[in-house]
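Following: one structure in structure tokens, then a few remarks.
Rule-based calculations on the coordinates, nothing more; no lab input. Being a predicted model, the structure only gives us computed values, none of them experimental. Glycine gets a Cβ as well: all are built from the backbone with ideal geometry, and neighbour counts include every protein chain shown.
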Amino acid sequence: MEMNRRDFLKATALVGGGMLLGLFPGSAIEAAVKQGQRQSPPSPNAYIRIAPDGTVTIFSARPEIGQGVKTMMPMLIAEELDVPWKSVKVEQAEMDSGKYGFQFTGGSFGTPGSWEPLRRVGAAGRMMLIAAAAQTWGVPAAECHTEAGKVFHGSSNRSIGYGELAAKAAQLPPPDPATLKLKDPKDYKIIGKSAPGVDVPDIVTGKQVYGIDVQLPGMLYAVFHKCPVFGGKVVKANLDAIKKQPGVRHAFIVEGQLGNDTVVADDPGLEPGIAIVADTWWQAQTARKALEVTWDEGRWATQDSADFNKRAAELSKQAPARTLGKEGDASAALSKATKVVEGAYSYPFIAHAPLEPQGCTSHFKDGKLEIWTTSQIPQGGRGMVAKSLGIPENVITIHMIRAGGAFGRRLYNDYMVESAWIAKQVNAPVKLLWSREDDMTHSFYRPGGYQYLKGGLDASGKIVAWQNHLVSYGDGDKFAPWAGMSPGEFPAKFVPNIAMQSSVLPLGAKTGALRAPGSNVYAFVVQSFIDELAHAAGKDPVDFRREILSSGPQDNRGMNAARMRAVLDLVAEKSGWGKRTLPKGRALGVAFHFSHQGYFAEVAEVSVTTKKEVKVHKVWVAGDVGSQIINPGAAENMVQGSIVDGMSELMAQEITFKKGRVEQTNYHEHMMLTMSQTPQIETHFLKSNNSPTGLGEPAMPPILPAICNAIFAATGDRVRALPLAKSGYSWA
């Protein structure tokens, strides 16, 4: 894909002088294609606004959900623009597809999709400012250079600030992208230097506006009460009594627009329920507690986790419903193997449970709709709203508000549709806010599943066969969202005989992407079972993994074996693997995983008491996310957060169903790691000659199997079912 000047850049003169510089859709897709990504990330866009007084404002176009994109992306532009970071102002851009293309946060796409395009925006701006200075002085542009927001002409010892040049620069044609010269990394002044988040001052002083904080004149507050069983509809309710409750302005039934698909799709539509609108949220929530509703609970009212477990065990003993992929003949190789190891693994449904529950503010007036949302994918939400309300997308204005966490939950825009629907009915600004219980019991859950594995070893202890029967959720040959597994998942291509098979269970619940989707369970299963095979072969777990990585192709489905081997070697070195003697009941465990273009290997040092109390003393992390860490402090924080997140999932997080209902309602039943349980985390980045990639996901998956493998090394107990609390474990 080629970029022409019109697609790449547009400069506009500001009223009163100054310059507005923008990147238009196209360049991010080109960069993604060059990197060989399996799907193109959204086209990132940023603007530079240079005021006559020299003030530089950089707009960040992706939604900020706490991952630091609002700081990182402007750093790329500022570096190549050659302005001091301390003098840059950063603002959140509005949602505008015409200017910014597809505005999206998720999948660790921010860095790989922005690394080259946003630096080119800064470089183009720098070249245009140099050209303006050269014209002003009547000198060749080649004799000019920039530094700290000024253009210099060395031989005449002249300089001029960007603000004085901005109006003239805005009148110049944008440079040919092919002529742009990006900085040599040795000259970076911003990239590679730690910078605090641009919102941190407002956050620590309580000034930051999150979705929950949005205020509008005349605003009302809403709650939306849905059936505890997915898809259930209202038969009758005591709405007349509810309307008499203090502060209540409206109470009405929402019929909903759910489809009839037996596999619940991403963002399936507006769910049925009851809306209560009041002067304050507390009044609406209090009135809600007085609701008396008769529900038609529908087909999923008998859904039960105990039945899932029973049915999965039955299916594991039957022939798989279908084969997803195979290489060689796994069955024949298993029959001839010197040793066969079997393991039955399971993992639960999990809720995202961000600290800020779902919520959205909407105002419908004169046929137009204005929305303030924390969505990770606001364009998708706008499309859903337009379809649900029967209005064109071009009458909907979206304001992107910082979210108090997301972890994939805000990829789904159910709460956005609910808010807009209610606002259209009451014809006033309405803030819809879910309770914590709403958020826990009506999420898009990370799907649970079961994997029944067999591995064959030859006389030398080498893996010769790998067979996996995945029992998950779906209908026929269709998996529920994120419930499946690719047949090419590691160790495909690294084992000569491999078979990936599956069977599915029907499910009446919404499932979706949770941080490191898919990988957050693949790593646990695959790396735990590899550990089982290593011990069965009588080999050191690190050496065993090295052998596997040496036996396959250099590259497989985007994974480069040499890069993975390098981070494995690094984490082994840093942790002192094989070189330290630990006391009884204390051991090291190792795991690695490739996901979202990131290579991570981790070692956990763990002790276990006779009461099965687990203490993770230290975690070593080695990662390769390319040639440059853009914001080192933020990158280390991201890795630390990934470890904490993974440990939370490992020990006690689980969503179960009883009579169609989710049983867990709040954090006391879906617990997060506490500060006192958090280990020391030592992070090392191995820089490689590859374009930088993202950090939101890839550091998290390996920590689960690393700890489980350490528990086995310390106790001889192989834990195959998550969460660990199921097996009687707890944090020390």
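So the values come out like this:
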item	result
Lysines with Cα under 19 Å of Lys687, excluding same-chain neighbours fewer than 8 positions away	Lys183, Lys186, Lys189, Lys193, Lys574
For the chain, calculated [θ]222 nm from helices alone, where every DSSP H run of n ≥ 4 adds -39500 (n - 2.57)	-9000 deg cm²/dmol
Among beta bridges that DSSP assigns inside the chain, antiparallel share in %, nearest 5	75
In region 184-285, trypsin sites (Lys or Arg not before Pro) in a DSSP loop with at most 13 other beta-carbon atoms within 10 Å	Lys207, Lys244
Relative contact order [Cα under 8 Å, 6+ residues apart], the chain, whole percent	14
Span-like helix ranges in the chain, DSSP H, alpha carbon extent 24 angstrom or more, Kyte mean at least -0.5	110-137, 519-536, 632-651
Spatially proximal aspartates and glutamates relative to Lys615 (Cα-Cα < 17 Å; intrachain offsets below 8 disregarded)	Glu602, Glu605, Asp645, Glu649, Glu682, Asp717
Identified option (computed Cα Rg over 2.2 N^0.38 Å; candidates (i) 1.02; (ii) 1.18; (iii) 1.37)	(i)
Spherically averaged projected area of region 396-438 from its Cα convex hull (nm²)	3.8
Hydrodynamic radius (Kirkwood) for region 474-555, which is based on Cα pairs only, to one decimal in Å	14.8
Sites Lys193 and Glu91, calculated FRET efficiency, Cβ-Cβ separation with R0 25 Å, nearest 0.05	0.70
Exposure proxy order (Cβ contacts within 10 Å, fewest to most) of Ser502, Ser155, Ser460	Ser155, Ser460, Ser502
Sequence ranges 383-392, 591-600, ranked by mean other-Cβ count within 10 angstrom, highest first	591-600, 383-392
Across Lys310/Lys584; Lys226/Lys658; Lys510/Lys611; Lys86/Lys181, pairs whose alpha-carbon gap is larger than 26 Å	Lys310/Lys584; Lys510/Lys611
FRET efficiency estimate (nearest 0.05) - Cβ-Cβ, Lys243 to Met219, R0 25 angstrom	0.80
Cα-centred dipole magnitude for the chain, charges only on beta-carbon of K, R (+1) and D, E (-1), debye, nearest 20	500
Percentage, to the nearest whole number, of Cα pairs in region 98-157 over 15 Å apart	60
Alpha-carbon Debye profile of region 387-494, log10 I(q)/I(0) at 0.14, 0.17 Å⁻¹	-0.82, -1.00
